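A.B. asks: So that we are looking at the same thing, I have put the structure below in structure tokens.
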There are 2 protein chains.
Amino acid sequence: MPSTFKNIKLVVSYDGTDFFGFQLQPRHRTVQEVLEVAIKRILRETVRVHPAGRTDTGVHANAQVVHFLTRTRIPVNKLPQALNSALPEDVRVLNAQHMPKTFHARFSARFKQYEYAVYNSEIVPPLLRRTVYRFPFALDVRQMRKGAKILEGRHDFRSFQGKANGQENTVRRIRHLRVSKSGKFVCFTVEGDGFLTNMVRNLVGTLLLVGRKKLSLNDLSQILKSRDRRLAGPTVPALGLTLVKVIY
Amino acid sequence: MPSTFKNIKLVVSYDGTDFFGFQLQPRHRTVQEVLEVAIKRILRETVRVHPAGRTDTGVHANAQVVHFLTRTRIPVNKLPQALNSALPEDVRVLNAQHMPKTFHARFSARFKQYEYAVYNSEIVPPLLRRTVYRFPFALDVRQMRKGAKILEGRHDFRSFQGKANGQENTVRRIRHLRVSKSGKFVCFTVEGDGFLTNMVRNLVGTLLLVGRKKLSLNDLSQILKSRDRRLAGPTVPALGLTLVKVIY
């Protein structure tokens with residue numbers, strides 16, 4: 001590639017409610033599409049943006065990271081404002097910077113952090129309705145914390161992989177998985193070196209069964225060992241999930 | 001009134017974004033209208049609901065309180081779920097209870113607490129776009145706290161009354177007015193025995209000028225004393241304002 005190309009990293013925040021996920025899809029509104037359209041309009045170049053993680057339909061991002069190659073001469077510090085002027089209000093570029101050519105949003109990422117927000121009540125306040133999962137059943141948070149400890153570390157997470165056409169290598173490392181409670185919020189924060197399809201939502205769905213005492217800690221260990229998706233809990237809805245940050 | 005009437009208090013939460021405020025208005029969608037329609041559908045009675053405070057267009061509520069008189073035989077503990085089944089998703093009834101006949105949502109209220117959320121940055125994350133006021137200028141929070149102290153207590157707040165056709169008696173008591181900062185959030189929490197039209201938004205607009213050093217603390221004292229709306233700061237937008245709670 002000619003040396004006139006620059007490698008730009010963007011930090012991007014979005015409300016996933018009205019997107020069919022990050023990745024381009026014909027006839028569907030996606031984050032990638034609106035980013036590439038805005039970049040084309042502002043930089044007058046057709047680029048391909050590469051995300052740290054392809055979030056699914058309805059999943060939010062506080063600080064997704066993408067990179068793309070460009071010949072633009074627009075100063076990088078002007079890019080956020082310029083791109084935001086061309087973006088819909090449910091996507092914002094928070095930051096832009098030059099990176100070495102070797103930087104790749106996905107392959108250079110060491111860890112990604114996701115948060116899953118449960119609202120443990122019959123009724124969800126309307127201002128939270130797009131970002132929390134309503135869960136009306138009693139939860140034992142201490143028990144879920146013990147369950148989270150079982151899941152931390154390097155494991156084959158095949159039992160928590162969503163789709164049949166998933167990854168061949170299903171071993172991942174969860175650096176930490178924390179369960180916090182604040183008022184009616186129960187929040188799952190998970191940081192790992194990579195995640196299988198629906199993995200966070202399946203881990204949370206299974207931990208909620210532990211919290212309801214429908215599964216014991218021993219059951220959870222067995223599910224992890226089984227490498228059998230049918231034994232794990234349900235996939236919780238996308239709206240509670242947010243990609244919080246990417247660590248390089 | 002016949003003794004078969006019951007006085008019901010509801011605690012109501014709403015996302016004010018798509019409402020023309022609380023109070024009924026012809027040809028506009030209001031919180032009062034959707035509540036009265038839902039009550040009519042569930043209780044089969046035409047009632048009038050009375051709020052603790054008539055929030056303006058775009059203002060949110062965590063825990064607005066309303067009361068109404070009814071002959072219904074539906075147990076009060078079943079009312080939230082029943083009413084929520086008939087309400088749009090941007091309004092939820094959090095709680096319902098029987099009250100003595102003397103209870104009035106507005107006249108029995110001793111204090112109301114409002115919160116105004118400022119996001120002190122060029123760029124607002126999309127998930128916050130309906131609930132915070134974007135404010136890109138540097139703010140001196142300590143100076144605003146000193147300003148808030150000047151406004152606390154019992155004063156004639158005529159300088160901060162929005163409309164010409166306002167209240168005759170413009171004396172109110174602010175029990176406390178706190179300015180807190182957490183990351184890029186600057187939050188104003190104000191509790192008082194009553195508020196004039198746009199008073200909270202005018203107080204915040206004026207304190208933001210203090211925070212920008214466009215007004216000194218002495219200027220602020222003079223504005224308060226002047227009883228002249230033209231001297232105070234601008235009315236900040238409704239979207240950052242939330243009625244947090246009503247104290248009886």
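A.B. asks: Please go through (1) loosely packed, with under 14 Cβ neighbours inside 10 Å; (2) within 14 Å of chain A (Cβ to nearest Cβ); (3) part of a strand (DSSP E or B) for B:Pro136 and return the number of the only condition it doesn't satisfy.
C.D. replies: For B:Pro136, the failing item is (3).
A.B. asks: Further question: Which one is surrounded by the most Cβ atoms within 10 Å (Cβ to Cβ), of the residues in the range B:229-248 that are in a helix (DSSP H, G or I) and either at pLDDT 95 or above or assigned by TED's automatic domain parsing to the domain that holds B:Val65 (or both)? Can you show your working first?
C.D. replies: Applying the first criterion (in a helix (DSSP H, G or I)) to the range B:229-248 yields B:229-231, B:238-240.
Okay, now just the ones that are also either at pLDDT 95 or above or assigned by TED's automatic domain parsing to the domain that holds B:Val65 (or both), so B:238-240.
Values: B:Ala238: 19, B:Leu239: 20, B:Gly240: 26.
Here the answer is B:Gly240.
A.B. asks: Could I ask something else about it? Show me the strands (runs of 3 or more DSSP E) entirely contained within the range B:25-120 in which 3 or more residues are under 30 Å from B:Gly211 (Cα atoms).
C.D. replies: It comes to B:60-70, B:111-119.
A.B. asks: Another question, then. Please indicate, with yes or no, whether at least one residue in the range B:6-22 is among the polar types (S, T, N, Q) and in contact with a Pro (Cβ under 6 Å, 6 or more places away or on another chain).
C.D. replies: First pass over the range B:6-22, keeping only residues among the polar types (S, T, N, Q): B:7, B:13, B:17.
Then keep just the ones that are in contact with a Pro (Cβ under 6 Å, 6 or more places away or on another chain); that gives B:13.
Yes: the range B:6-22 contains one or more residues that are among the polar types (S, T, N, Q) and in contact with a Pro (Cβ under 6 Å, 6 or more places away or on another chain).
A.B. asks: Let me ask you something else. Would you be able to tell me the number of residues in the range A:105-123 that are in contact (Cβ under 8 Å) with a residue 60 or more places away in the chain and among the β-branched types (Val, Ile, Thr)?
C.D. replies: Initial filter on the range A:105-123 (in contact (Cβ under 8 Å) with a residue 60 or more places away in the chain): A:105, A:108-121.
Checking the rest, the ones that are also among the β-branched types (Val, Ile, Thr) come to A:118.
Within the range A:105-123, residues that are in contact (Cβ under 8 Å) with a residue 60 or more places away in the chain and among the β-branched types (Val, Ile, Thr) number 1.
A.B. asks: Could I ask something else about it? Give the residue that is farthest from the chain's Cα centre (by Cα), with candidates limited to residues of the range A:102-119 that are more than 14 Å from chain B (Cβ to nearest Cβ) and within 16 Å of A:Thr189 (Cβ to Cβ). First the steps, then the outcome.
C.D. replies: Of all residues in the range A:102-119, those more than 14 Å from chain B (Cβ to nearest Cβ) come to A:102-114, A:116, A:118.
Going one step further and asking which of them are within 16 Å of A:Thr189 (Cβ to Cβ), we end up with A:111-114, A:116, A:118.
Details: A:Phe111: 11, A:Lys112: 8, A:Gln113: 7, A:Tyr114: 5, A:Tyr116: 9, A:Val118: 16 Å.
The extreme case among them is A:Val118.
Conditions (1) open to solvent by less than 50 Å² (accessible area, probe 1.4 Å); (2) aromatic (Phe, Trp, Tyr), marked per residue:
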{"position": "B:Val34", "(1), (2)": "yes, no"}
{"position": "B:His60", "(1), (2)": "yes, no"}
{"position": "B:Phe68", "(1), (2)": "yes, yes"}
{"position": "B:Thr72", "(1), (2)": "yes, no"}
{"position": "B:Ala86", "(1), (2)": "yes, no"}
{"position": "B:Pro100", "(1), (2)": "no, no"}
{"position": "B:His104", "(1), (2)": "yes, no"}
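A.B. asks: While we're on this one: Quick check on this structure: which one of B:Gln161, B:Gln113 is surrounded by 16 or more Cβ atoms within 10 Å (Cβ to Cβ), at pLDDT below 95 and touching a Lys or Arg at 6+ places or on another chain (Cβ under 7 Å)?
C.D. replies: Details: B:Gln113 fails: at pLDDT below 95.
Going through B:Gln161, B:Gln113 in turn, the sole match is B:Gln161.
A.B. asks: To continue, here is another question. So B:Pro51 clears everything in (1) more than 26 Å from B:Arg201 (Cβ to Cβ); (2) surrounded by 15 or more Cβ atoms within 10 Å (Cβ to Cβ) except one condition, right? Which one?
C.D. replies: (1)
A.B. asks: Do the conditions hold for B:Lys78, that is, is it out of contact with any helix residue (DSSP H, G or I) (no Cβ under 7 Å at 6 or more places or on another chain), surrounded by fewer than 19 Cβ atoms within 10 Å (Cβ to Cβ) and outside the structural domain of B:Asp18 (by TED's automatic domain parsing)?
C.D. replies: Details: out of contact with any helix residue (DSSP H, G or I) (no Cβ under 7 Å at 6 or more places or on another chain): yes; surrounded by fewer than 19 Cβ atoms within 10 Å (Cβ to Cβ): yes; outside the structural domain of B:Asp18 (by TED's automatic domain parsing): no.
No.
A.B. asks: Quick one: which of A:Ser216, A:Ser180, A:Ser226 is in contact with a Cys (Cβ under 9 Å, 6 or more places away or on another chain) and open to solvent by 20 Å² or more (accessible area, probe 1.4 Å)? If you could, list the steps in order and put the result at the bottom.
C.D. replies: Working: A:Ser216 fails: in contact with a Cys (Cβ under 9 Å, 6 or more places away or on another chain); A:Ser226 fails: in contact with a Cys (Cβ under 9 Å, 6 or more places away or on another chain).
Checking each option against the conditions leaves just A:Ser180.
A.B. asks: While we're here: Of all residues in the range A:62-85, how many are over 17 Å from A:Val246 (Cα atoms) and either in contact with a Ser or Thr (Cβ under 7 Å, 6 or more places away or on another chain) or away from chain B (no Cβ under 14 Å) (or both)?
C.D. replies: Step one: of the range A:62-85, the residues over 17 Å from A:Val246 (Cα atoms) are A:69-85.
Applying the additional criterion that residues be either in contact with a Ser or Thr (Cβ under 7 Å, 6 or more places away or on another chain) or away from chain B (no Cβ under 14 Å) (or both) yields A:69-76.
So the count comes out to 8.
A.B. asks: Here are B:Val171, B:Val124: which of them is within 30 Å of A:Leu87 (Cα to Cα) and either surrounded by 19 or more Cβ atoms within 10 Å (Cβ to Cβ) or more than 14 Å from chain A (Cβ to nearest Cβ) (or both)?
C.D. replies: B:Val124
A.B. asks: Output the number of residues of the range A:215-248 satisfying the condition of being over 16 Å from A:Val118 (Cα atoms) and not polar (S, T, N, Q).
C.D. replies: Residues of the range A:215-248 over 16 Å from A:Val118 (Cα atoms): A:215-232, A:245-248.
Next, from what is left, pick out any that are not polar (S, T, N, Q): A:215, A:217, A:219-220, A:223-225, A:227-232, A:245-248.
So the count comes out to 17.
A.B. asks: While we're here: Among the residues of the range B:1-45, what is the count of those that are touching a residue at least 60 places away in the same chain (Cβ under 8 Å), within 14 Å of chain A (Cβ to nearest Cβ) and either over 20 Å from B:Val65 (Cβ atoms) or in contact with a strand residue (DSSP E or B) (Cβ under 7 Å, 6 or more places away or on another chain) (or both)?
C.D. replies: Pass one, the range B:1-45, residues touching a residue at least 60 places away in the same chain (Cβ under 8 Å): B:1, B:4-19, B:31.
Of the ones still in play, those that are also within 14 Å of chain A (Cβ to nearest Cβ) are B:10-19, B:31.
Those still in the list that are either over 20 Å from B:Val65 (Cβ atoms) or in contact with a strand residue (DSSP E or B) (Cβ under 7 Å, 6 or more places away or on another chain) (or both) too: B:10-18, B:31.
So the answer is 10.
The values are calculated or read from the model by the stated rules, or taken from the named source; none is laboratory data. These numbers were taken from a predicted model, which means no experiment stands behind them. Cβ sites come from the backbone with ideal geometry, for glycine too, and all protein chains shown count toward neighbours. Areas reflect the complete protein model, heavy atoms only, side chains present, ligands, DNA and RNA absent. Shrake-Rupley method; radii C 1.70, N 1.55, O 1.52, S 1.80 Å.
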